[in-house]
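For reference, the structure discussed in these notes is given below.
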Amino acid sequence: MSEDPLVEQLAGKTSLEEVRKIAKECVRCPLSETRTNVVFGEGDPHARIMFVGEAPGEQEDIKGRPFVGRAGRFLDHMLRVAGLERSVVYISNVVKCRPPNNRNPRKTEIEKCNPYLQKQIQLINPRIICILGNVALKTLLGKTPPISELRGKPIEREGIIYFPTFHPAAALYRPAAKTEMEKDMAALRELLEKMGIVA
C-alpha cells in the first residue's frame, strides 16, 4: 500500500506553524467546501498535556479557534478544576473543519484529517492526552469500550498517558455529565500533581 502523500509531505516538518500552513490549504475531504476557517489548534507547542476534541462547531469555524463557544467556556472551567490554564496546554480536534450542522465527522473525514493530528502529537510530544468524547477516543485508541466506561481512568500506550472524559458539549445537554466531568478533572489534577506537571 502506498504512503499517504500528506504523511510524506508532513514528514520533514519540524514546527506546528509549518503544519498549520499546509492544513489551511487542505481540500482532502468535502468539509473543505463548507468551512469558513480551518481550526488547526492552539496553545503551548511544548505542552505536557494536550486536549483532543471532536470537531469545530459554528463559533470555532467563524473564529478559527478551538473551543470558543459554549462548550469552550465549559472546557475553560474544566481546565481550572484540573489546575490548568489554556496557556499551558494544547487544544485541538480530530478534524480541523466544521461538519455541516455540527454532525459527527464521518469515518473518511477522520481518516483524511488524521495525519495532521498525528503530526501535532509527534511535534508537541505531550506526556498526557486528555480525550474529550467518543469520537476522539475511537480515533486515538481504536476500538474500545465507550467513554462512559473508560472516563477518568488513565490508559498508558507507547509512553503517552491517555485520559478519557466526556466532551464538554455533553455537559451542556446532560447535567449529570457535568458532575462526572468535574470528578474526572479533579482526578486529572491529582495525576498531574503526582507527575509534577501542576503544583
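Just so it is clear, none of the values below were taken in a lab; they were calculated from the coordinates. Being a predicted model, the structure only gives us computed values, none of them experimental. Note that we place each Cβ from the backbone using ideal geometry, even for glycine, and neighbour counts take in every protein chain shown.
Rounded to the nearest 10 degrees, the angle from helix 70-81 to the longest Cα principal axis of the chain is 50 degrees. Sorted fewest first by neighbouring Cβ atoms within 10 angstrom, Leu141, Leu150 come out as Leu141, Leu150.
Separation of region 56-99 from region 167-194 is 15 Å, based on Cα centroids. Anyone know which of Glu158, Glu109, Glu180 comes out most mobile in the 10 Å Cα GNM of the chain? Top of the fluctuation ranking is Glu158. Centre-to-centre separation between the Cα atoms of region 8-24 and those of region 113-155: 21 Å.
Counting only aspartates and glutamates at least 8 places from Lys178 when in the same chain, those with an alpha carbon closer than 18 Å to its own are Glu54, Asp76, Glu149. Taking the Cα atoms of the chain, the ratio Rg/Rh between the radius of gyration and the Kirkwood radius comes to 0.94. Could you tell me which residue out of Asn102, Ala82, Phe67 lies farthest along the dipole of the chain toward its positive end? Charges go on the beta carbon: Lys and Arg +1, Asp and Glu -1, centred on the Cα centre. The residue sitting most towards the positive pole is Asn102.
Restricting attention to region 1-107, which trypsin sites (Lys or Arg not before Pro) occupy a DSSP loop and are surrounded by at most 12 other Cβ atoms within 10 Å? Before the final figure, lay out the partial values.
Working: sites: Lys13, Arg20, Lys21, Lys24, Arg28, Arg35, Arg48, Lys63, Arg70, Arg73, Arg80, Arg86, Lys96, Arg103, Arg106, Lys107; in loops: Lys13, Arg28, Arg35, Arg48, Lys96, Arg103, Arg106.
In loop regions of region 1-107 (DSSP not H, G, I, E or B), the sparsely surrounded trypsin sites (Lys or Arg not before Pro) are Arg103.
Can you show me the helix-derived [θ] at 222 nm for the chain, built from DSSP H runs with n ≥ 4 at -39,500 (n - 2.57) apiece and divided by the number of residues, rounded to the nearest 500. Helix contribution divided over all residues of the chain: -13500 deg cm²/dmol. Would you mind getting me the FRET efficiency between Arg80 and Gln122? Use the beta-carbon distance for r and R0 = 35 Å, nearest 0.05. So, using R0 = 35 Å, E works out to roughly 0.75. In the structure shown, the pairs Lys63/Lys138; Lys24/Lys138; Lys21/Lys119; Lys13/Lys119; Lys107/Lys143; Lys153/Lys183 are assessed against 19 Å; a Cα-Cα span above that value is assigned to Lys63/Lys138; Lys24/Lys138.
Note the angle between two axes, namely the Cα long axis of helix 107-124 and the longest principal axis of the Cα atoms of the chain, as a number of degrees from 0 to 90, rounded to the nearest 10. Helix 107-124 sits roughly 70 degrees off the main axis of the chain.
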